[in-house]
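Enquirer: One structure follows; several queries about it will come next.
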Amino acid sequence: MKAAAHTPSTSTTLDTELLQLCKAGGDSLRLQVLRVLSRDAYSVQELCHILDCRQSGMSHHLKTLTVAGLITKRREGNSLFYRRTYTPSLPALSALHNALLSSADLISLAPEQQARLEQVYIERADRSRLFFAEHAGEFGEQQEQMVAYSVYGQSCLELLRSSQANGGKLAIEIGPGEGAFLAELSPHYDKVIGLDNADAMLKRADEYINQQALKNVSLMLGDSRDPSLQQDAADCVVCNMVLHHVPSPADIFKDAARLLKPGGLFCVTDLCRHDQSWARDACGDLWLGFEPDDLSEWAQASGLQDGPAAYLAQLNGFRVQVRQFVKPDHFHTTIPTHQARHS
């Protein structure tokens with residue numbers, strides 16, 4: 001009788017991955033990397049700057065964390081960005097995996113590290129703001145190369161109306177562009193706020209709402225972190241084709257959760273993951289779209305629940321996801337329990 005073919009035992013695999021996890025967590029700099037990656041993705045160069053580390057050393061630490069399954073990488077144009085993963089390959093290691101990430105969250109960054117982290121955020125935001133300041137007049141035309149408003153606007157409205165047919169008191173749109181969706185929100189909400197950090201884009205939106213005589217729509221120069229925005233007040237927050245322009249997409253979910261009242265809706269339209277790097281220069285994109293699980297993970301981490309969704313395919317190859325998330329009546333933030341897919 002033939003001997004059974006030898007395969008690695010489960011216990012051997014478990015031992016190996018357990019050792020890799022323990023090794024990854026046994027270095028202070030690697031724990032700081034996990035702390036920095038708690039809410040966002042960063043390139044090697046950005047991590048080197050934030051933690052004041054040479055690139056060769058940082059690359060070694062990132063490889064160790066990747067092998068251990070604590071982080072993953074994805075390409076954005078010419079750069080690799082790293083972010084946490086939340087599910088180990090072996091369920092038996094979930095407790096240790098989650099404990100390492102939770103413990104890393106307790107680490108306090110040094111003041112100079114926190115300052116450099118904020119500097120990276122500001123530099124990303126400045127790149128986006130500069131693009132819109134210089135190209136506000138042509139942005140609509142550039143955006144049409146990827147996806148026209150007529151493709152996703154009606155789908156977003158239908159999804160919103162199906163869940164919130166009676167409208168409400170307050171709607172907020174983050175990054176309203178030239179104002180077209182503000183006009184869709186206006187008849188259904190007592191008050192509508194358009195929020196943008198690019199003054200040039202707000203001026204174009206202002207022209208549009210004046211032309212349409214939208215008396216209940218106001219515009220505000222700022223971003224979703226603005227402390228003057230009332231918490232737990234909005235019936236819906238809308239974010240159409242904006243996430244790929246912002247320095248920290250995950251933070252938009254956190255901010256939306258803060259602004260929404262219990263039962264409120266966060267409506268997001270954005271590109272699915274793509275590899276068209278020309279969009280960076282032509283349209284000021286910071287990110288080349290997102291996997292659907294990316295949005296679900298950020299929502300869960302912010303205490304929001306997945307709602308209805310629609311996916312739109314186009315002849316030019318770009319796919320659009322129209323998503324809806326709900327702030328539950330008993331709101332709380334949580335740690336994601338699944339790993340987003342990355343290419």
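Only the coordinates and a few stated rules stand behind these numbers; no lab work does. Fair warning: this is a prediction, and the values are worked out from it, not measured in the lab. In this analysis, Cβ positions are derived from the backbone assuming ideal geometry, glycine residues included, and neighbour counts consider all displayed protein chains.
Enquirer: In what sequence, highest mean first, do 283-291, 157-165, 44-52, 296-304 appear when ranked by Cβ atoms within 10 angstrom?
Expert: Ranking the peptides 283-291, 157-165, 44-52, 296-304 by packing returns 296-304, 283-291, 44-52, 157-165.
Enquirer: So, one more: Return the percentage of antiparallel bridges among DSSP beta bridges fully within the chain, rounded to the nearest 5 %. Before the final figure, lay out each step's value.
Expert: Details: 22 of 43 bridges.
Antiparallel bridges make up about 50 percent of those DSSP assigns within the chain.
Enquirer: Can I ask one more? Non-local amide H neighbours of residue 263 (under 5 Å, H modeled in plane, Pro and chain starts lacking H): which ones?
Expert: Amide H neighbours of residue 263: 327, 329.
Enquirer: Work out Dmax and Rg for the chain from the C-alpha atoms and quote the Rg first, both in angstrom.
Expert: 21.7, 86
Enquirer: Moving to a separate point now. Could you tell me which residue out of 26, 47, 287 lies farthest along the dipole of the chain toward its positive end? Charges go on the beta carbon: Lys and Arg +1, Asp and Glu -1, centred on the Cα centre.
Expert: Ranked along the dipole, the leading option is 26.
Enquirer: Right, here's the next one. To the nearest 10 degrees, how steeply does helix 199-211 sit against the main Cα axis of the chain, on a 0 to 90 scale?
Expert: In the chain, helix 199-211 runs at an angle near 40 degrees to the longest axis.
Enquirer: Here is a follow-up. How large is ³J(HN,Hα) for each residue in the stretch 271-283, as worked out from phi by the Karplus curve 6.51 cos²θ - 1.76 cosθ + 1.60 (θ = phi - 60°), to whole Hz, x for Gly and Pro?
Expert: 6, 6, 3, 9, 10, 8, 5, 4, 5, 4, 7, 6, 10
Enquirer: Spelling out what I want: for every residue of the stretch 243-259, take phi, set θ = phi - 60°, compute 6.51 cos²θ - 1.76 cosθ + 1.60 (Karplus), and round to whole Hz; glycine and proline get x.
Expert: 3, 6, 9, 9, x, 9, x, 4, 5, 5, 5, 4, 5, 4, 4, 5, 7
Enquirer: Now for a separate question. Where the centroid of each part is defined by its Cα atoms, how far is the stretch 46-124 from the stretch 172-226 in Å?
Expert: Result: 36 Å between the Cα centres.
Enquirer: With the Cα gyration tensor of the stretch 185-326 in hand, convert its eigenvalues to equivalent ellipsoid semi-axes via √(5λ) and list them largest first in whole Å.
Expert: 24, 20, 15
Enquirer: Right, here's the next one. Using a simple spin-label model with points 7 Å from Cα along the Cα→Cβ vector, what separation in nm is obtained for residue 165 and residue 114?
Expert: Taking the simple label geometry, residue 165 and residue 114 are separated by 4.9 nm.
Enquirer: If I stretch the segment between residue 15 and residue 314 completely, what's the gain in nm (0.36 nm per residue apart, minus their alpha carbon distance), one decimal?
Expert: On the way: separation 299, 0.36 × 299 = 107.64 nm, distance 4.70 nm.
Contour length minus the Cα-Cα distance gives 102.9 nm.
Enquirer: Of 188, 330, 97, how do they rank once you tally other Cβ atoms within 10 Å and put the fewest first?
Expert: Starting with the residue having the fewest Cβ neighbours, the order is 330, 188, 97.
Enquirer: For the chain, what is the mean residue ellipticity at 222 nm derived from helices alone (per DSSP H run of n ≥ 4: -39500 (n - 2.57); sum divided by total residues; nearest 500 deg cm²/dmol)? Walk me through the numbers on the way to the answer.
Expert: Working: 13 runs with 149 residues, N = 343.
Computed ellipticity for the chain at 222 nm equals -13500 deg cm²/dmol.
Enquirer: What list do you get for 87, 12, 64 if you sort them by fewest beta carbons within 10 Å? Present the calculation step by step, with values, prior to reporting the outcome.
Expert: Working: 87 16, 12 10, 64 19.
Fewest to most other Cβ atoms nearby, the residues stand as 12, 87, 64.
Enquirer: Between rounded, prolate and oblate, where does the stretch 185-230 land on the alpha carbon gyration tensor, with a ≥ b ≥ c its root eigenvalues, rounded for a/c under 1.5, else prolate if a/b exceeds b/c?
Expert: Here the stretch 185-230 falls in the oblate category.
Enquirer: Still on this structure: Just rank 42, 121, fewest to most, by other beta-carbon atoms within 10 angstrom.
Expert: Fewest-to-most ranking of 42, 121: 121, 42.
Enquirer: What are the ³J(HN,Hα) values, in whole Hz, obtained from phi via the Karplus relation 6.51 cos²θ - 1.76 cosθ + 1.60 with θ = phi - 60°, for each residue of the stretch 223-229 in sequence order, with x given for Gly and Pro?
Expert: Result, ordered by residue: 10, 5, 8, 4, x, 6, 6 Hz.
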